[in-house]
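A.B. asks: A single structure is presented below for examination.
What follows is calculated from the coordinates using simple rules that are stated; it is not laboratory data. All figures in this text were calculated on a predicted structure; none of them were measured in a lab. Neighbour counts run over all protein chains shown; Cβ positions are idealised from the backbone, glycine included.
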Amino acid sequence: MKIGVLALQGAFIEHENMLTDIGTVCTEVRQVSDLQGLDGIVLPGGESTVQGQLLQKSGLLAPLWDLIAGGLPTLATCAGLILLAQKIKDSPVTHLGTLPVTIKRNAYGRQLSSFVTEEPVKGIGNFSMVFIRAPYIEHADMDVEILAKVDGKIVAVKYGNQIGLSFHPELSGNPKIHKWFLSLCEKRLDVYPLHHT
């Protein structure tokens, strides 16, 4: 099994380290050819505007959209969640737009720009959530499964093959979310064992 980590900008190394620590083969995605043969992809935190521009310049935006819309398991954290969102509050610009949610960027303001809290995540249990200039999900469509809330605000969702998180599980020291994501990748492999030939 091979997992791609979008490596245009942001906190991709931490995801790679966690995935490698649990025995997964990772490849950095910087150009279209890097998308070949992936069984899942991680969209890391960072600067969503910069990442969106780099997706356009690199030619990755359309083929990545095709893969995600076609069922490629996707784990998106912080800025990665913003890349997936169909709507970004107070912005006419969207990027991949495969996840039917409305995102509020930098939603916690300066005083809470970075914080850690422990809250339950559906199917995972209590999880130490690291928030860094985090967005939250202001609205999710009916068929989006809500996995976690903090102070009444949605911070984790699942929609088909897509997991979107406001926080940074790669900084928690807890691999449970990454292991769950890998289980989704394995399930897809069982269904489509020849999908990348």
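A.B. asks: Which of HIS178, HIS15, HIS168 moves most in a GNM of the chain, Cα contacts under 10 Å?
C.D. replies: HIS178
A.B. asks: Hey, another quick one. In the chain, once you exclude exposed trypsin sites (Lys or Arg not before Pro) (DSSP loop, at most 16 other Cβ within 10 angstrom), what's the longest stretch remaining? Could you put the intermediate results ahead of the total?
C.D. replies: On the way: sites that count: ARG30, LYS89, ARG110, LYS122.
Free of exposed loop sites, the longest segment is 123-197.
A.B. asks: Could you work out the local net charge near LYS122, counting Lys and Arg as +1, Asp and Glu as -1, over the other residues with Cβ closer than 9 Å to its Cβ? Walk me through the intermediate numbers first.
C.D. replies: Values: positive: LYS158; negative: GLU145.
Charge balance in the 9 Å sphere: 0.
A.B. asks: Continuing with this model, one more query. Which residue fluctuates the most in the chain, going by a Gaussian network model with Cα springs under 10 Å, if the choices are MET18, MET142, MET129?
C.D. replies: The residue with the greatest mean-square fluctuation here is MET142.
A.B. asks: Expressed in nm², what is the orientationally averaged projection area of the convex hull enclosing the Cα positions of the chain?
C.D. replies: Numbers: hull surface 40.7 nm².
Across all orientations, the chain yields a mean hull projection of 10.2 nm².
A.B. asks: When the helix-only estimate is applied to the chain (DSSP H runs of n ≥ 4, each -39,500 (n - 2.57), divided by the residue count), what is the mean residue ellipticity at 222 nm, nearest 500 deg cm²/dmol?
C.D. replies: The helix contribution divided over the chain gives -8000 deg cm²/dmol.
A.B. asks: Would you kindly state how much longer the chain becomes between HIS139 and ASP66 on full extension, computed as 0.36 nm times their sequence separation minus their alpha carbon distance, in nm to one decimal?
C.D. replies: Computed gain between HIS139 and ASP66 is 23.9 nm.
A.B. asks: Now, a different point. What does the charge count around ALA156 come to, taking other residues whose C-beta lies under 11 Å from its C-beta (Lys +1, Arg +1, Asp -1, Glu -1)?
C.D. replies: Combined, the nearby Lys, Arg, Asp and Glu give +2.
A.B. asks: Under 5 Å between amide H atoms, partner at least 5 residues away or on a different chain: which partners does PHE127 have, H built in plane at 1.01 Å?
C.D. replies: Result for PHE127 returns GLU119, VAL121.
A.B. asks: Now for a separate question. For the chain, calculate the relative contact order in percent as a whole number, restricting contacts to Cα pairs under 8 Å that are 6 or more residues apart. Write down the numbers at each step before the final one.
C.D. replies: Details: 404 pairs, mean separation 38.2, N = 197.
Relative contact order here is 19 percent.
A.B. asks: Determine, at each q value in 0.28 (inverse angstroms), the log₁₀ of I(q)/I(0) that the Debye formula gives when each Cα of the range 141-193 is one equal point scatterer.
C.D. replies: -1.16
A.B. asks: Sum up the charges of everything whose Cβ sits under 15 Å from the Cβ of ILE41, counting Lys and Arg as +1 and Asp and Glu as -1, but leave ILE41 out.
C.D. replies: Charge balance near ILE41 sits at -4.
A.B. asks: Sticking with this structure for a sec: Do any GluC sites (Glu not before Pro) in the range 72-163 lie in a DSSP loop with no more than 14 other beta carbon atoms within 10 Å, and if so, which? Write out the running numbers ahead of the final one.
C.D. replies: Working: sites: GLU118, GLU138, GLU145; in loops: none.
Answer in residue order: no site qualifies.
A.B. asks: Something else now. Quick one: of LYS104/LYS187; LYS149/LYS176; LYS158/LYS179; LYS89/LYS153; LYS2/LYS122, which pairs are farther than 21 Å apart, Cα to Cα?
C.D. replies: Check vs 21 Å cut-off fails for LYS104/LYS187; LYS2/LYS122.
A.B. asks: Still on this model: Note the full-extension length gain between SER128 and VAL32 as 0.36 nm times their separation in residues minus their Cα-Cα distance, in nm to one decimal. Don't skip to the answer; put the middle values down first.
C.D. replies: On the way: separation 96, 0.36 × 96 = 34.56 nm, distance 3.43 nm.
Taking 0.36 nm per residue and subtracting the Cα distance, the gain is 31.1 nm.
A.B. asks: Connecting C-alpha atoms closer than 10 Å in a GNM of the chain, tell me which of ILE124, ILE82, ILE146 has the biggest fluctuation.
C.D. replies: Top of the fluctuation ranking is ILE124.
A.B. asks: Just flag the GluC sites (Glu not before Pro) in the range 1-43 sitting in loop per DSSP whose Cβ has no more than 11 other Cβ atoms within 10 Å.
C.D. replies: Qualifying residues, ordered by number: none.
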